[in-house]
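Scroll down for the structure; my scribbles are underneath it.
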Amino acid sequence: MGPDLYYALGGGLGHLTRARAVLATLGVRARVLAPARHAQAPESSPGLDLLPLPVELTDRPGDLGAWLAGLLWEQRPRRLWLDSFPCGLFGELCGLPLPPELEIHYLARLLRWDRYARRIQGEPPPLTRVHLLEPLNQDHADWLARRGAEPIALRLETPDLPPPTDAMARLAALPPPCWLVAHSGPAEEIRELLDYARDLAAAEGVSPALILIAPRALPYCAPDVVRLHANPARALYPQAARIITACGFNTMSETLAYRGIHRFLPMTRALDDQYSRAARRREAQEESPATE
């Protein structure tokens with residue numbers, strides 16, 4: 001049998017960040033199937049053995065599924081790890097002829113299941129095990145139960161990466177308080193988070209240095225914002241007086257230890273349920289408030 005394969009098809013870098021955490025937590029070695037643009041930029045995914053998905057197939061789910069089935073029969077991995085989507089991002093894993101000895105491990109997180117379920121056309125792949133990364137919405141959990149899948153909770157351990165020393169030095173040289181706005185999404189969402197940070201600062205009566213941690217420069221960056229490139233961004237969290245983010249799974253997991261200074265704003269995603277994740281965090285903080 002060949003090495004495990006980890007299927008990390010998604011819109012951003014979050015799937016690769018989670019792949020690194022899953023493989024490190026479970027002590028698994030696997031080749032990570034990811035869009036070609038990520039495989040061609042290894043600095044965005046240090047420590048991963050990336051296998052590029054043909055970019056021309058990501059708009060053709062049927063062809064993508066056939067390509068993946070061919071790869072599985074050719075390489076005959078012992079296990080296939082499915083990140084977030086039990087039938088693939090587009091439903092491309094439905095009805096595939098799979099090697100009979102293949103174990104399929106599904107890593108489950110919050111989804112807008114009513115939207116994702118529309119992509120399931122045909123017979124879903126058989127799931128050997130479900131690793132529960134966070135509590136699911138009920139319709140998602142019910143679907144898994146009907147498939148005979150018994151979720152097992154998995155708490156991810158975030159692996160250490162070399163700290164971004166240049167960014168840390170620049171941050172340490174700024175006058176406090178320093179507020180970090182960390183986001184890898186589009187420019188309009190970054191602006192929304194920066195406006196949110198300014199509103200929070202005005203409400204608290206403070207004038208912090210606003211530090212933007214983003215992988216790309218904005219077309220226009222306001223003069224009150226200092227942009228730093230830091231991978232991982234979490235290495236800078238201990239130096240921050242406030243951390244402002246969206247509500248993706250990885251971000252909310254990595255900021256749990258900083259919940260006293262963390263402020264968050266959910267963003268609308270096609271499939272990721274950031275609003276439910278944000279509501280659960282607020283409920284947890286109300287029940288057990290953290291000291292700053």
Checklist entry - For A241 and A173 in one chain, what is 0.36 nm times their gap in residues minus the Cα-Cα distance, to one decimal in nm? => result 23.0 nm
Item to check | Qualifying trypsin sites (Lys or Arg not before Pro) in the stretch 186-272, DSSP loop, other Cβ atoms within 10 Å at most 14 | outcome: R216
Checklist outcome for this item: Here the gain from full extension of T128 to A145, 0.36 nm per residue of separation minus their alpha-carbon distance, amounts to 4.8 nm
Checklist entry - Amide H to amide H under 5 Å from L212: which residues, 5+ apart in sequence or cross-chain, H placed 1.01 Å off N in plane? => result V181, V226, R227, L228
Checklist entry - Are there GluC sites (Glu not before Pro) in the stretch 79-123 that DSSP puts in a loop and that have at most 15 other Cβ atoms within 10 Å, and which ones? => result E101
Checklist outcome for this item: For the stretch 228-238, in residue order, the Karplus 3J(HN,Hα) values (coefficients 6.51, -1.76, 1.60; θ = phi - 60°; whole Hz; Gly and Pro = x) are 10, 9, 9, 10, x, 5, 4, 5, 8, 4, x
Checklist outcome for this item: With the 8 Å Cα cutoff and a minimum separation of six or more residues, the chain has a relative contact order in percent of 14
Checklist outcome for this item: Computed over the chain: longest principal axis from alpha-carbon atoms vs helix 61-75 long axis, angle to nearest 10 degrees, is 70
Checklist entry - Which loop-located chymotrypsin sites (Phe, Trp or Tyr not before Pro) does the stretch 190-277 contain, where loop means any DSSP state but H, G, I, E or B and the Cβ has at most 16 other Cβ atoms within 10 Å? => result Y220
Checklist outcome for this item: Of the candidate values (1) 175; (2) 148; (3) 137, the one computed for volume of the Cα convex hull per residue in Å³ from this structure is (3)
Checklist outcome for this item: Note to self: C-alpha centroids of the stretch 47-81 and the stretch 159-178 sit apart, in Å, by 38
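FYI, it's all coordinate maths here, none of it is from the lab. Source: prediction; values computed, not measured. Neighbour counts are summed over all protein chains in view; Cβ atoms, including those assigned to glycine, are modelled from backbone coordinates with ideal geometry.
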